[in-house]
Ligand SMILES: Cc1cc2nc3c(=O)[nH]c(=O)nc-3n(C[C@H](O)[C@H](O)[C@H](O)COP(=O)(O)OP(=O)(O)OC[C@H]3O[C@@H](n4cnc5c(N)ncnc54)[C@H](O)[C@@H]3O)c2cc1C
Ligand code: FES
Ligand code: FES
């Protein structure tokens, strides 16, 4: 281990320089020689039989090279099925790159036009005539359960894809024995991730080598390579996936998308490089959606505020296919598991069901189910505070685990290694000046100013172990890897399975390597996102970059350091254990004299091996893997507070300020952590106040464009002050937990609680997200 | 998405535009700022055969005072309106309103002529034109006509403008010492189109409204001048009761319809709320 | 319409004259990115909403997705590459780095060009007015706070100078 194990906290994110200069290289910036453009013809119906496709007029358009249908692609790309066998029975149906018989959502690609430009491809796409026979669509999850509901997959005999029940026992008795029982229903509308850069793929198949190169907007190149190779009938070794700079991921770019894999298949079919870039309108009807839950819940509390029992029932929609390879099950699963997770209680019952519907598939988007779980939990805790007359901070203190109680097993069986819920809440209250905010709120009410304070104390599951996905048979790696190579000039090349969509993973691993080896960070170059040049790793998801890849880098760097010292020891005939590396130079710890430098070591091992002792063949290349296997997830925690104001005449909510105290274990780079928090909080504000995918009863998305699907803009966003508590996990040497999702998990509940706090004088509440002005005015009875 | 194919002509003179409009080669569209037209082209919601770009026509530009009216050329950019001292002095309602139109980059390109030609019911500027009793100068090959804004807006995206017409300018009566104005709109995010709005231009003489022009927008197919409301407020002592009568009269004056952004009930509620607020603000 | 109508365009891009022929329907964004090879201007919506495509048109910010390349004929366009090379926004770029105001970087060029116009506008640099000027530029990653910090820092320095 390095002598002072201190990770430089002030290091800038060097890799961002290219972005401020407009030198990021994103998918659509890449042009290959001879490249053609693909445009997909998408279904205008949510559910329809494809009676026929007439491509003749489209083929006539000048500049069009091919028009391709599902029948053409079927021999090239096998259908896939998403399934996790470790989570109980999943009824699941195969999905094709382009469907042959039926379309199952509005926006599903049905044919592809390949042409010399995107514009020409679009011209021709308008001329592809698909003869649809419309079928009844399943839209609303509750309607999907009705006995006479049409079936999304008639072969399955049901619209229920999956369900789960958890019962720790004696819930009814505990509720009956509680002083107060509160029953509430929460709904959380569908939303989508809206990465600023849309998805896309450039596929280039070389028939001579049977080698397929795909530039892909993906967070997980190695996982995608496995799946693409499998579906396209190639060896993995003959598939190279390159993820260039990615303009935002948020989970949306984890999945297998039919249009992307179709693009790869098309390249194989026509033996030309082809590019597909989704435009914004396509994004809304083809990117995964998320949320879309209705949760009914009951909580029993005693007059002292102690929670006696909790019960939740979640109904969620999957879309027409479980998204590959993670499935759409994890959202409702995490609602069932995570709702009670922050609190010390004894009796819990949960049910969750996921149903098929003719809408875009749902999948993992930032927070995955946990924002819903915490909305429910935090809403119930506030309701309990109101019912018992307790302060909302106080009731939390009485129910959160004590900070010295860890490790504990949460009520749904989760192992919580070490959290700091109480200390985080205390710190938060101080930071917000909670007492003063309460006074201001109370004083305002007499003047018709309705301010509200909202709190949320949440846990965030990060860095999942293989038990979550791989154990269920999904090709999802929980490992990550780091390969380090000492170059002849004494600098370090690093290749890692991690990818970076702006989180700063590159900066973090640079820092870890720099610190562990003892080399300036500008002497390290990181390569990532290319399966041909990086070691196998799981990529970036579930806030795992720092925790998992950071640890792999730490292990590799530790080993590299030892190897370097071994060579120095051999060259200079000094014992390795009295040598150390500082800023690229090697010192004798006892004499404090400079002995050598990385430059000398590099030169020696690459060129001047004749100067080394005989039989000594140093390998200054190291690969280390790390996978988190001890805990299903490594849990982090966060306490978040909101100060807001509701205009009771317009229903508009103004966010005055947000404070957050998170504990993501060891902090490697505070600025990165803070912006992860803020970014995730602002995405949560989107969920909370603006975002909803509005569908009509036939399954048409009505607001699938940037004009009508509202996202948070700078003008309405508050300043967000962040602080931390550091409780490192003992699972790794690095001690880092994930930090990218706590904000979105906590802020939705906090905003709902803040609005309801503001509305308290009127005795009304809202519980249906997004909390739009119209819903607030309806709750107030200003409109009926 | 990319637009469908079209021909593009960069017009060198107003006459050239009028000629092209007179004998159109298919479906022809005038291109001004492009801030409304181009999104519809990009989404292929509109596929003209030809665009006539009028951006080089300096005679359509400029803000000046002539014969007791403020004249604003159709090609005047929103940003020019926003910064104009003439506008601030002579039509302060426009200055108030324009800041709520879109964002800086859009205001740098978008034009008042394009905005009022399109006549989006949720737009601020058509409502201001009606409240200010503006006149719109329109020309075609046959000649020039001046249409009162109060007669110009016909129905949803339907105005007095015909296919062979070019809007030349809009003129406004000059504000006087007793002119007061107010602006309200409901947006969830700054710069969005309104979901309900109210602009008022009025004369307040010795504590009495001698005229009062309340125009509601984003509540119906066109901006609506609420004449009944005005009547209740003009030359009256404004009491709480009068205000409530005026609010009640909104329903009679304006046939409010809901849209995908907002229900009819909410629009009605907000219309009344804004009227109450505005009277309070102006009356003091 | 069978044949693709094309227009010859002569435009100053970052100070240098570019002469090219392009389809009449080509947007300035696509022209800059795919014809001139300046890919720092990004496309996030083609609807005028997201601001990723913001460039300078005759010195003032404009949406390049809502401007036809043909309309740029005879005008001067500046992109992120130009304002980087000229050094005009070097201090702002450094401030973005210091405050970690760029994550994925997709919004960043549009954000910087917009911020530069704000700094030139003479508006008072309250956080509130910075935020309002930036509405119209989406950032999905950062939460905006760091961007506002960076701009406020430079505005403060300008005010002091
Ligand atoms: C993100 C965004 C937000 C926006 N928000 C708002 C908002 O809040 N409020 C608002 O009011 N507007 C808003 N707009 C629209 C903006 O104000 C437009 O600039 C304006 O509506 C149209 O003006 P233009 O010059 O761009 O017209 P163009 O888009 O060029 O043309 C619009 C229409 O008018 C016709 N036309 C243009 N000029 C003439 C003329 N002289 N004679 C005859 N016909 C003509 C065109 O043929 C076309 O049909 C927004 C736009 C965007 C992109
Ligand atoms: S791409 Fe031009 S504003 Fe979004
Ligand atoms: S940094 Fe990713 S969108 Fe702003």
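None of A:435, A:473, A:448 is farther than 23 Å from residue A:681 by Cβ and not assigned by TED's automatic domain parsing to the domain that holds residue A:735 except A:473.
Of the helices (runs of 4 or more DSSP H) that lie entirely inside segment A:334-434, those containing 3 or more residues that are without any contact (Cβ under 8 Å) to a residue 60 or more places away in the chain and more than 29 Å from residue A:315 (Cα to Cα) span A:421-432.
Taken across segment C:20-30, residues that are assigned to a loop (DSSP other than H, G, I, E, B), within 16 Å of residue B:53 (Cβ to Cβ) and within 16 Å of ligand 1 (Cβ to nearest atom) do occur, with at least one present.
Which is in contact with a helix residue (DSSP H, G or I) (Cβ under 6 Å, 6 or more places away or on another chain), surrounded by fewer than 22 Cβ atoms within 10 Å (Cβ to Cβ) and more than 30 Å from residue A:344 (Cβ to Cβ), of A:444, A:473? First the steps, then the outcome.
Working: A:444 fails: in contact with a helix residue (DSSP H, G or I) (Cβ under 6 Å, 6 or more places away or on another chain).
Selected residue: A:473, the only one of A:444, A:473 that is in contact with a helix residue (DSSP H, G or I) (Cβ under 6 Å, 6 or more places away or on another chain), surrounded by fewer than 22 Cβ atoms within 10 Å (Cβ to Cβ) and more than 30 Å from residue A:344 (Cβ to Cβ).
Segment B:25-130 holds helices (runs of 4 or more DSSP H) entirely within its bounds, and those carrying 3 or more residues that are within 14 Å of chain C (Cβ to nearest Cβ) and crowded, with 22+ Cβ neighbours inside 10 Å map to B:37-42, B:104-107.
Of all residues in segment A:125-137, at least one satisfies being surrounded by 15 or more Cβ atoms within 10 Å (Cβ to Cβ), part of a loop (DSSP other than H, G, I, E, B) and under 31 Å from the mean Cα position of the chain (by Cα). Could you tell me which residue of segment C:133-147 is nearest to the other protein chains (Cβ to nearest Cβ), considering only residues that are on the phi < 0 side of the Ramachandran plot and away from ligand 3 (no atom under 13 Å from the Cβ)? Restricting to residues being on the phi < 0 side of the Ramachandran plot and away from ligand 3 (no atom under 13 Å from the Cβ), the top hit is C:135.
Any residue that is within 16 Å of ligand 2 (Cβ to nearest atom), more than 9 Å from every other protein chain (Cβ to nearest Cβ), in contact with a helix residue (DSSP H, G or I) (Cβ under 6 Å, 6 or more places away or on another chain) and touching a residue at least 12 places away in the same chain (Cβ under 8 Å) - is there at least one of those in segment C:86-100? The answer is no; no qualifying residue exists. Taken over segment A:744-774, residues that are in contact with a helix residue (DSSP H, G or I) (Cβ under 6 Å, 6 or more places away or on another chain) and under 17 Å from residue A:448 (Cβ atoms) amount to 2.
For segment A:289-310, the set of residues classified as buried (at least 24 other Cβ atoms within 10 Å of the Cβ) and either modelled with pLDDT under 95 or in contact with a helix residue (DSSP H, G or I) (Cβ under 6 Å, 6 or more places away or on another chain) (or both) consists of A:293, A:295, A:299, A:300, A:301, A:307, A:309, listed by residue number. Quickly run through segment C:116-140 and pick out the residues that are within 16 Å of ligand 2 (Cβ to nearest atom) and in contact (Cβ under 8 Å) with a residue 24 or more places away in the chain. Selection gives C:117, C:136, C:137, C:138, C:139, C:140.
Just checking, which of A:662, A:723, A:696, A:719 is in the same structural domain as residue A:441 (by TED's automatic domain parsing), at pLDDT 95 or above and buried (at least 24 other Cβ atoms within 10 Å of the Cβ)? Reasoning before the result, please.
Working: A:723 fails: buried (at least 24 other Cβ atoms within 10 Å of the Cβ); A:696 fails: buried (at least 24 other Cβ atoms within 10 Å of the Cβ); A:719 fails: buried (at least 24 other Cβ atoms within 10 Å of the Cβ).
Exactly one residue qualifies, and that residue is A:662.
Out of curiosity, is residue C:105 crowded, with 24+ Cβ neighbours inside 10 Å, assigned to a helix (DSSP H, G or I) and modelled with pLDDT of 95 or more? No, not satisfied. The requirement of being outside any helix (DSSP H, G or I) and either more than 16 Å from ligand 3 (Cβ to nearest atom) or assigned by TED's automatic domain parsing to the domain that holds residue B:19 (or both) is fulfilled somewhere in segment B:238-248, by at least one residue.
Please specify each residue of segment A:739-784 satisfying the condition of being within 14 Å of chain B (Cβ to nearest Cβ) and assigned to a helix (DSSP H, G or I).
Passing the criteria: A:773, A:774, A:775, A:776, A:777, A:778, A:779.
Looking across segment A:687-722, the residues that are within 14 Å of chain C (Cβ to nearest Cβ) and in a strand (DSSP E or B) come down to A:719, A:720, A:721, A:722.
Of all residues assigned to segment A:176-197, none qualifies as being in contact (Cβ under 8 Å) with a residue 60 or more places away in the chain, surrounded by 15 or more Cβ atoms within 10 Å (Cβ to Cβ) and in a helix (DSSP H, G or I). Candidates in segment C:111-128 are the residues that are out of contact with any helix residue (DSSP H, G or I) (no Cβ under 8 Å at 6 or more places or on another chain) and part of a helix (DSSP H, G or I); of these, the one that is farthest from the other protein chains (Cβ to nearest Cβ) is C:120. In the set B:147, B:187, which member is touching a strand residue (DSSP E or B) at 6+ places or on another chain (Cβ under 6 Å) and either touching a residue at least 40 places away in the same chain (Cβ under 8 Å) or outside the structural domain of residue B:264 (by TED's automatic domain parsing) (or both)? Step by step, each of B:147, B:187 is checked, and only B:147 is touching a strand residue (DSSP E or B) at 6+ places or on another chain (Cβ under 6 Å) and either touching a residue at least 40 places away in the same chain (Cβ under 8 Å) or outside the structural domain of residue B:264 (by TED's automatic domain parsing) (or both).
Is there a residue being part of a helix (DSSP H, G or I), more than 23 Å from the chain's Cα centre (by Cα) and in the same structural domain as residue B:187 (by TED's automatic domain parsing) anywhere in segment B:260-267? Yes: segment B:260-267 contains one or more residues that are part of a helix (DSSP H, G or I), more than 23 Å from the chain's Cα centre (by Cα) and in the same structural domain as residue B:187 (by TED's automatic domain parsing).
All conditions in (1) within 16 Å of ligand 3 (Cβ to nearest atom); (2) without any contact (Cβ under 8 Å) to a residue 40 or more places away in the chain; (3) within 11 Å of the chain's Cα centre (by Cα) hold for residue C:105, with the sole exception of (3). How about segment B:1-24: which of its residues are part of a loop (DSSP other than H, G, I, E, B), closer than 20 Å to residue B:40 by Cβ and either within 14 Å of chain A (Cβ to nearest Cβ) or in contact with a strand residue (DSSP E or B) (Cβ under 6 Å, 6 or more places away or on another chain) (or both)? B:1, B:2, B:3, B:4, B:5, B:6 - these are the residues of segment B:1-24 that are part of a loop (DSSP other than H, G, I, E, B), closer than 20 Å to residue B:40 by Cβ and either within 14 Å of chain A (Cβ to nearest Cβ) or in contact with a strand residue (DSSP E or B) (Cβ under 6 Å, 6 or more places away or on another chain) (or both).
Before we move on, is residue A:451 away from ligand 1 (no atom under 16 Å from the Cβ), more than 25 Å from residue A:630 (Cα to Cα), at pLDDT 95 or above and outside any strand (DSSP E or B)? No: the conditions fail for residue A:451.
When the residues of segment B:188-211 are filtered to those that are within 15 Å of the chain's Cα centre (by Cα) and part of a strand (DSSP E or B), the one that is farthest from the other protein chains (Cβ to nearest Cβ) is B:201.
The values are calculated or read from the model by the stated rules, or taken from the named source; none is laboratory data. What you are looking at is a predicted structure, and each value in this text was computed from that prediction instead of being measured. So basically every Cβ, Gly included, is an ideal-geometry build from the backbone, and we count neighbours across all protein chains shown.
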